[in-house]
Amino acid sequence: MGRRTRKTAPLGITLDAGAPQTIHWQIREQIRRAILERRLALGALLPSSRLLAAELGCSRGTVLTAIEQLIAEGYLVSRTASGVSVAPDLPDEMLISPPSLGPPPNPATGPAILPDRTIAMLARVTDIGAPEPNEPPIAFPIGQPDRQAFPFPLWARFLEQDWRKPAWQVAGSPHPFGHLGLRQAIASYLGAARGFACDPGAVVVTSGVRQSVSLFARVALEAGDQAWIEEPGYPGMVEALAASEVEATAVPIDESGFALNAALAAAPDARLAIVAPSHHFPLGTVLSLQRRLALLSWAERTRGWIIEDDFDGEYRYAGRPLAPLRALDWGGRVAYLGSFSKLLFPTLRLSYLILPEALVSAAEAIMPWISTPAPLLGQGALARFIADGHLTSHLRRTRLLYASRQQALLEAVDRHLKGLMAVEPDSGGMHVVAKPDSNSRLVPRVIHNTG
C-alpha cells in the first residue's frame, strides 16, 4: 500500500513590491489573517518554504523569516518530518470574523498624540540640532575623536582574550559598579594623570554622563531639590536631573566661567552644582582658583554637593592645568565625572563616576534597583588597555595630532575668513569657538572638532 500524503492548504498570498511594508511582513500578515478569518483550518499543513518562495517569486529566507515569526507568536507549529502547520489548539477568542479584522495599519495615517514633556524635549533637540539616526558624518562634528587614530587591532585582541574564558564575576554576577579590574585601572590612572587619589571602591562605571548625573542625583538629593547647571553647557544635564526629579537652574557663564554669586542669586537653596572647571563646554573658559575655592567653601558650609565634569581634561596643549576640584576637596563633597567615549571611540559608551566616600555604600545598595549597569562587553579589554599603558600612549599621540589640527585650522581661518570671523587658539579641549568680526553679522558658534 502506497504512502499516504497530506495535502497542503492553499494560501492565496499576493505581494505588492511597491507597498511600504516589507515582503516578509506582507507574507506573515496574510497567513495570520487567513488563520484568524478561518480560511486556514486548525492543523492545516502549509506548503514548504521552497515551494512558497518559488510561487511568490521571493527568496526562501524571506519566507522563513515570516514563518518563524508566526511560530514564535503561536499561530504555526513546526514538527520534524511533518512540516509547518496551523496550531491545532488556538482558542476560539483568537478566531474572529472577517469584518472585524481591518486592513494592516498604515503608520503614516496621522501624528501620534504626545505628552507635553516629550514635546518639550523635541523642541530642545530641534534647537540643539541633533543629527538624525544613521545620518552620514558631517564635517567637524563635536565630541568625536579620530577613529582612525585608535588601535582597533590591539583592541580586538584584548576583547577576544577577555571573553575567551570570562570569570563568573564578569559573565554571571557582575558588581553593580562595574568590572573590578577596570575600576582599579581608572583609580590608578587618575592618581597619575589627574593628581588625586581615589579608592577603586568609589569608582562607578556608567554608560555616559547622563547616567552618571542621574545616579548621583538619585542617591545624594531629595526629589524636588534644585541643582545649578552652566548656561551655555552640556545639553543633556536637564534631562539627566529630571530623571531623578531634581530641578535644573541655569546659571549664565561670564568671561571667567561659573560664578557662585550669580548661582546664589538664581537659586539660593540649590543643593548641587554641576560645573566643568577645567575646560568649559562650549566656551572653553577655565575656572580660576579663587572661584574653585569659593565653590568648595559653599559645598562644605551648606552640606551641598558638586559634580565636576572633566569631559576632555586629558587634552591640554599649552601650560599646566589647574588641579581638579576633586584634588582640592578636603570635605568629601565633590563627585568626579570622566568619559572614554571622547578619548577612544563614541560607541564604546563607557564613562565613570567617582563618588564621594560618604555615598559609596548607599549607592552600592540601591543602584541595582534604580539604574541599569553599563555593558560589560568592553570593560575588561579597557582595563587591560589602561593598565598596560596603551591609554597613556594613545593620549600622547592624539594630543600632538589634535594640537597640529587646531593650528592648521587657525591658519586656514586667517587665510580664508579674515574679516568675517576670528578664532582664538584654545590651550585645551577638542574644539574652538568662532566669533564674528566686529563688522560681521555672524553669530558665535563652535566650529571645530580636532578629532
Would a scan of region 197-209 turn up a residue that is surrounded by fewer than 21 Cβ atoms within 10 Å (Cβ to Cβ), within 19 Å of Asp312 (Cβ to Cβ) and in contact with a helix residue (DSSP H, G or I) (Cβ under 6 Å, 6 or more places away or on another chain)?
no
Looking at Gln211, Gln226, Gln184, which is the one that is of a type outside the set (Asp, Glu) and over 30 Å from His431 (Cβ atoms)?
Gln184
The number of residues in region 403-438 that are over 19 Å from Pro141 (Cβ atoms), hydrophobic (A, V, I, L, M, F, W, C) and in a loop (DSSP other than H, G, I, E, B) is 2
May I ask you to list pairs of residues, at least six apart or on different chains, whose Cβ atoms are under 6 Å apart, with the first in region 420-446 being under 18 Å from Ser404 (Cα atoms) and surrounded by 18 or more Cβ atoms within 10 Å (Cβ to Cβ) and the second being at pLDDT below 75 and among the hydroxyl-bearing types (Ser, Thr, Tyr)?
Met430/Thr450
Any residue in region 379-389 that is closer than 20 Å to Arg194 by Cβ and not in a helix (DSSP H, G or I)?
yes
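Restricting to region 248-263, give me the number of residues that are more than 22 Å from the chain's Cα centre (by Cα) and surrounded by 15 or more Cβ atoms within 10 Å (Cβ to Cβ). Show your work before the answer.
So the first thing to find is which residues in region 248-263 are more than 22 Å from the chain's Cα centre (by Cα), and the list is 249-263.
Then drop every residue that is not surrounded by 15 or more Cβ atoms within 10 Å (Cβ to Cβ), which leaves 249-251, 253, 257-260, 263.
Final tally of qualifying residues: 9.
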Between a first residue in region 345-372 that is under 19 Å from Ala327 (Cβ atoms) and a second residue that is surrounded by fewer than 18 Cβ atoms within 10 Å (Cβ to Cβ) and modelled with pLDDT of 90 or more, which pairs have beta carbons less than 7 Å apart while being 6 or more apart in sequence or on different chains?
Pro356/Gly332; Glu357/Gly332; Ala358/Gly332; Val360/Gly201
Test each condition in (1) at pLDDT 75 or above; (2) touching a strand residue (DSSP E or B) at 6+ places or on another chain (Cβ under 9 Å); (3) surrounded by fewer than 14 Cβ atoms within 10 Å (Cβ to Cβ) for Pro176 and report the one that comes out false.
(3)
Provide a single number: the residues in region 181-196 that are under 22 Å from the mean Cα position of the chain (by Cα) and either surrounded by fewer than 16 Cβ atoms within 10 Å (Cβ to Cβ) or not basic (Lys, Arg) (or both).
2
Quick one: how many residues across region 1-55 are basic (Lys, Arg) and modelled with pLDDT under 85?
6
Looking only at region 209-231, which residues are under 21 Å from the mean Cα position of the chain (by Cα) and over 19 Å from Gly338 (Cβ atoms)?
Arg218
Considering only region 183-221, how many residues are under 26 Å from Pro235 (Cβ atoms), of a type in the set (Gly, Ala, Ser) and assigned to a helix (DSSP H, G or I)?
4
Can you tell me which of Ala387, Ala363, Ala374, Ala358 is in contact with a Gly (Cβ under 7 Å, 6 or more places away or on another chain), surrounded by 15 or more Cβ atoms within 10 Å (Cβ to Cβ) and not polar (S, T, N, Q)?
Ala374
Scan (1) closer than 22 Å to Ala323 by Cβ; (2) modelled with pLDDT of 90 or more for the single condition Gly201 breaks and write down its number.
(1)
With the structure loaded, tell me whether Ser278 is assigned by TED's automatic domain parsing to the domain that holds Ser212, touching a Leu at 6+ places or on another chain (Cβ under 8 Å) and crowded, with 22+ Cβ neighbours inside 10 Å or whether it fails that test.
yes
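The values are calculated or read from the model by the stated rules, or taken from the named source; none is laboratory data. Predicted, not measured: the structure shown is a model, and the values here were computed from it. Methodologically, a virtual Cβ is constructed for each residue, glycine included, from the backbone with ideal geometry; neighbour enumeration extends over all protein chains shown.
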